[in-house]
Amino acid sequence: MDVRGTVADEVEVRSVSTSYGESQLAEVPLVLADDHEPTTVVCWNKWTESAELLEPGMELLVTNAEREEYQGETQYKTTGDSYVVVEPSFLVNVTAIRNWTECPRLYYLNKLSGVPLNYPVVKGTLVHEVFGDLLRGRELEDSIEARVDERGLQLGLLGESPDAVAEDVRENAKAIEGWLEQGRLTEEDSWRSEQLLISETFGIRGRADAIRRGAPVELKTGKNLKKEPRFKDKVQAACYALLLEEHGGDVDLGTLLYTKNSALDRNEETGDLTPAKEFSMGDGLLKYVVRLRNEIAAAEMAGDVPTGYEGNAKCEYCFEQDTCMVVSGRLDQESKAGQIGQPLPAEEREFFERFSRAIEEERREVHREYAKLWEQDAQERADDDRAMIDLEFEEKRELEEGRWELTARRTSGAASKLREGDLVLASDGHPVRGQSELARIERLDEESVILTADEAVEVTRLDVYPSELTTDRLLVALHDMLLKGDERRKDVLFDRAEPEFDAIEETFIDNNAAQNEAVAMAVGARDFALIHGPPGTGKTYTIARAIRAMVERGERVLLSAFTNRAVDNALEALLEQLEDVVDDDRIVRVGSESGVRDDMEPYRLERAGDPEERVAELENAQVVAATTATCGSRIMKEQSFDAALVDEAAQLTEPGTFAAINLAERFVLVGDHEQLPPVVRAENDLTESLFERLVDLHPDAGVMLDRQYRMNQRIQVFASREFYDGQLRPATPEVAGRTLDDLEGVTRDDLPETLRDPVAFVDVEGDGSRYTDSVEAARIAELIDTYEDAGVDRSAIGVIAPFRAQVSEISSHVPEDVAVDTVDRFQGSSKEVIVVSFTATGSLEGPIFEDYRRINVALTRPKRALVLVGDSQALGSDPVYGRMLEWARR
DNA sequence: TCTCTGCTGAGAGGA
C-alpha cells in the first residue's frame, strides 16, 4: 500500500541489529492524508538518507509500504519494493537531477545565471531535432536543412554559416542513421520519439529523446571513448526509466547513443567505438535516482544553497568553476571551489537573498499548478478555466515534418483560459495518467480546436501547461543586476548616490509643460528618469516623443513593458513619431507570432532564415520593442542599448524591470503606482515595483504628468482628490466639458434625469451572493438599453466588475458588442460610457475591495459618463467607498 | 473561488 502524509515532527535515525546484521532505520512521525493523529513510518537502510532530509511540514510518500504492529501501535515500514518520495508534488526536471549528480552547486548555478548562447549547445539541440525527425520518418537532408534554417537568428548571433553547421550536424546524424538502420532490422523494434513524461509518484518530469521497445534511448552529441556510459548519462536514462515505469512499462535496459563515436569505426572485438552503449538498469540505480531527486526537492523546500561539498565532483574539471567562484565570492557563499573577488555590500546581499527567496516562492506556486494536473479532477480543472474537457477527437493529419495536426470538436461552449498559440497538454482523457503530449494550439474557435504535436494523441482534453520560464528569467535578471551590474547603477538604486541629469534646453512638446519636462528628463538622464502618468495623461505619447528625441540623437533604444499589449500600444504611438525619422526596417519587434498584435507583425523579427540577414535585422535596429520576459531571452541578452524605456512599470516586479534595464546604459520608467501593482502568486517582496520604490527614493528624478485628456471634469474629481493630491486636471476646457451630447446622434435629454449628470449612482440592493449579483446584472442590462435608446453606440459602452463570475453573469445579460471585463483587464483602456458593478451586498468583504488602487482604475476608464451600480449600504461601510458614494450622489 | 500575464519547453554540451 502507499502511505502519504505530512511530517509532524523531527525524524529519528538509529542503528539496529537485525538477523541480517546492522541496519539503519529512520522513524518518521507522519500525519496521514485523512487522519489527525500522527503515525510512525519506518524507512529502512538507504531510505534513511531521504528521511533525514525531512522537516516538519513536508509531504512524504512511501510506496509499497507494509502495515505492522509494533509495541501495541500500528505503524508502517518500507519494503524491498518501496520508494520513499520527499515532497512528491514538487516536479523535478530530469536534467536537474543529471546536474545535481555531477554537483549540486552546478544545479544552483544553472538556475541562477542561465546557460548563455553557445555553439556546442545549439549544435546539440539541432542534432536532437534531426534525430527526432529521422525517427518520425523524415529524410535526413530535408531535416537538416529545415532545422538549421529554423535557428537562423541564433546561428547568426554565433557567427556561424548555415553550410558549416549543416555539415557538422550531418556528421553526427550519419552515426545515428547508420545505427538506426541496424536497429530497424529487428522486427520487434518499435520506436517513439521525444515524449514528455510526468510522474506524479516520483515527482519527476522530463522528455525522453526516444523510446525503443519500451526502453529509453538517450542521445549525446559528444564522444565517449570509454567502454561504459558516463554515470550522469546513466542517471538521466534511469530517470526516464522511472517515468516509463509509472506509465505501465517495465524497464531494465537503457541505451546511450554517443554520436561522435562513428558506427563505421566500430571495433568488433571491444565494441568501444560503437555509438550505442547499452546498459542494464537495476533496482538499485532507480532507487538511487529517487534519492537524488529527494535531495533536490528537500533543498528547494528549505531554500538551501548548495556548496558543492555535497557531492564528490572535482572542481578543477568543472567548466563552471569560474562562475562558481565568482558567485560565491560576490555573495559570500561557502563553496568547494573557493571564492574570488570582493563580496557585495551587505545591503545588496540582503536584497539578493530577499528577492531570490521571493522568486523561489513564486516558483513553488507554479509547482502547485503542476500538482493540480493530477490532484484535481477534470471537472474542477474545467471550472477553474484550466482545462478544456469534453472534446471529441475528429481527425489527425500527418504534416510533412512528421509532426501531426490534430483536430477536435468542442461539445460545450465553456469558457477557458486557453488561447491560440498556447502550449498545452493534449491527452486522451488524463494529462498525466493517460496518453498525453505537449501540443500547441494553432486555431481555436467556438466549434473546434486545431493542435500540432509530435505524436498523434487522440485528444479529448486539453490542460494548461504551467511554465517556470518567467520565474527562471526573474532569477537570472536579479543575478545579472547584482553580480554583473554596473557599480554606478547600483549606487543610485541602493541610494548611495543621487541620479544625475544633463540640462536639456530644447522644447519637445509646446502645449503641455509636464510632458515636455518629462521628455527633457528622459533625454537628459544620465542614470534614470521616472515619468508618473495618471490615467489619460498621454504617457504613451510622451514615451514615443522621448524615444524620437533619443533616436534623433543617434541613440539605440529598447522599448519594453510587461505585457505584449502594452508593448504594441507603445510601439504604435512610436511608429507615428518615427515616420520621417527612421526607416521602418530599423524598428524591430521581438516576440512570438501569437504574442505580437497582427498589425505589428511586419516589424516582428523572424527567427528562421539566413543567419547573416536575421542578425543584421536585429543589430541594425535602432529601436527594439519586446516584453520584459523576452528581454531575458538568450537572444535579447546579447543586445545592448543606450536607453531602455519601460512602460507600465508600476505593474512590474523589481527583477522583472531589471530584465529590461540590464540591457541599457540608462533607463526611463513610466507608470502609475496608484493603479494596479504587479501580479504575483505568492505574498512577498515582489509586490512593490521598482518604479514605486524609486519614486519614493528619488522624487526629484521624476515628473508627474498632470493634465488628463480623457475624462469630463466631474468624473476625474474623485480620483484626482483621492489618489493624486488634487493635482490631476483636465488638459483643456474641451476635455473638462465633454459630455455625451458631443457624440453624434446622442441627446442627453433622452436619458432619464438621474443619468444626465456625467457621474450617476444606481442603488441596487443586490441578491446577496458572494461573487455574482444577478440583480445588479439585470439592472445593468436595462441601463445599457437606456443608453442605446438615447443614441449611444453599444461599442462605446464598457462594463467593469470585480469578479470574473460577475463578468460572465453580466455578459449573459447584455449584447455581445458591449465590452464586459474585470477591473484588472480594463486597465489601460477607456470607453465613452463606463458602468461599474460592485457586486457586494450588505458589506464590502473580501480582499478585492481592500486594494483601493482597483477603484482608481475602474473610475478613470470613462470619458463622458460613469454609472456606479451597487448597494449603498455596503459601499458606505468603508471610508474610501463612502466618499466615492458622496461624490457620485452629489 | 479575488484579481492574472508572461513564455514553446526540457535539454542542449564542453574534457
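General observations
- Spatially proximal aspartates and glutamates relative to A:LYS226 (Cα-Cα < 16 Å; intrachain offsets below 8 disregarded): A:ASP265, A:GLU268, A:GLU269, A:ASP272, A:GLU278
- Only helices enter the 222 nm calculation for chain A: every DSSP H run of n ≥ 4 contributes -39,500 (n - 2.57), and dividing by all residues gives -11000 deg cm²/dmol, rounded to 500.
- Between 0 and 90°, nearest 10: helix A:104-113 axis offset from chain A longest Cα axis: 30 degrees
- Rounded to the nearest whole Hz, the Karplus-based 3J(HN,Hα) values (6.51 cos²θ - 1.76 cosθ + 1.60, θ = phi - 60°) of region A:359-366 follow the sequence 5, 5, 5, 4, 4, 5, 5, 4, with x at glycine and proline.
- Look at the alpha carbon pairs under 8 Å that are at least 6 residues apart: their mean separation over the length of region A:5-81 gives a relative contact order of 30 percent.
- Hypothetical label at A:SER808: residues of region A:366-409 whose amide nitrogen lies under 13 Å (7 Å Cα-Cβ projection): A:379-389
- Rounded accessible area of A:GLU49 (nearest 10 Å², 1.4 Å probe): 90 Å²
- Residues within the reach of a label modelled at A:ASP583 (point 7 angstrom out along Cα to beta-carbon, backbone nitrogen below 19 Å), restricted to region A:600-629, are A:602-606, A:610-625.
- Treating r as the C-beta distance of A:ASN64 and A:ASP824 and R0 as 56 Å, the FRET efficiency rounds to 0.75.
- Phi-based couplings in Hz for region A:614-621 (Karplus 6.51, -1.76, 1.60; Gly and Pro marked x): 4, 5, 5, 4, 6, 6, 7, 5
- Note on A:HIS813: accessible area approximately 80 square angstrom, rounded to 10, probe 1.4 Å, nucleic acids and ligands left out.
- 0 to 90° range, to nearest 10: angle between helix A:513-524 axis and chain A longest Cα axis: 30 degrees
- Cα shape, region A:326-482, gyration tensor, a/c 1.5 rule: prolate
- Solvent exposure ordering (accessible area, 1.4 Å, most first) of A:TRP44, A:TRP887: A:TRP44, A:TRP887
- Karplus-derived HN-Hα couplings along region A:10-21 (A = 6.51, B = -1.76, C = 1.60, θ = phi - 60°), whole Hz, x at Gly and Pro: 4, 8, 9, 10, 8, 9, 9, 8, 10, 5, 8, x
- Per-pair calculated FRET efficiency, R0 = 51 Å: A:ASP763 and A:ARG207 via Cβ, rounded to 0.05: 0.30
- The value of relative contact order for chain A, using C-alpha pairs under 8 Å at least six residues apart, is 8 percent.
- Alpha-carbon Rg with Dmax, taken over region A:661-724, Å: 14.8, 43
- Cα gyration tensor, region A:98-186 - rounded (a/c under 1.5), prolate or oblate: oblate
- The alpha-carbon of A:LYS77 sits under 13 angstrom from the alpha-carbons of these aspartates and glutamates, leaving out residues fewer than 8 places away in its chain: A:ASP2, A:GLU27, A:GLU66, A:GLU68, A:GLU69.
- A probe of 1.4 angstrom, applied to the heavy atoms of all protein chains, finds A:ARG770 with accessible area near 130 square angstrom.
- Interchain or long-range residues, amide H under 5 Å from A:VAL762's placed H: A:LEU868, A:VAL869, A:GLY870
- In degrees, nearest ten, helix A:283-302 long axis to first principal axis of chain A (Cα): 30 degrees
- Only beta bridges with both residues in chain A are counted; by DSSP, about 55 percent of them are antiparallel.
- Taking a point 7 Å out from the Cα of A:ASP283 in the direction of its Cβ, the residues of region A:33-70 whose backbone N falls within less than 15 Å of it are A:44-47, A:63-66.
- Label-point separation, A:GLU394 to A:ARG681 (7 Å along Cα→Cβ), nm: 3.3 nm
- The modelled label-to-label distance between A:ASP385 and A:MET1, using points 7 Å beyond Cα along the C-beta direction, is 4.1 nm.
- Of A:LYS46/A:LYS232; A:LYS314/A:LYS484; A:LYS227/A:LYS277; A:LYS831/A:LYS863; A:LYS111/A:LYS417, pairs whose Cα-Cα distance is over 18 Å: A:LYS46/A:LYS232; A:LYS314/A:LYS484; A:LYS111/A:LYS417
- Cα centroid of region A:608-677 to Cα centroid of region A:551-607, whole Å: 11 Å
- Gyration tensor (alpha-carbon) shape descriptor, region A:679-787, a/c threshold 1.5: oblate
- Pairwise FRET efficiency - A:GLU850 versus A:LYS417, Cβ, R0 = 30 Å, nearest 0.05: 0.75
- Summarising the amide proton neighbourhood of A:ARG604: residues at separation of 5 or more, or on other chains, whose placed amide H is nearer than 5 Å comprise A:ARG589.
- Between A:GLU12 and A:ALA513, the modelled label-to-label distance comes to 7.8 nm, taking each label 7 Å out from Cα in the direction of the beta carbon.
The values are calculated or read from the model by the stated rules, or taken from the named source; none is laboratory data. Keep in mind the model is a prediction, meaning the values are calculated, not measured. In this analysis, Cβ positions are derived from the backbone assuming ideal geometry, glycine residues included, and neighbour counts consider all displayed protein chains. These area figures cover heavy atoms from the full protein model, side chains too; ligands, DNA and RNA do not enter into them. Shrake-Rupley method; radii C 1.70, N 1.55, O 1.52, S 1.80 Å.
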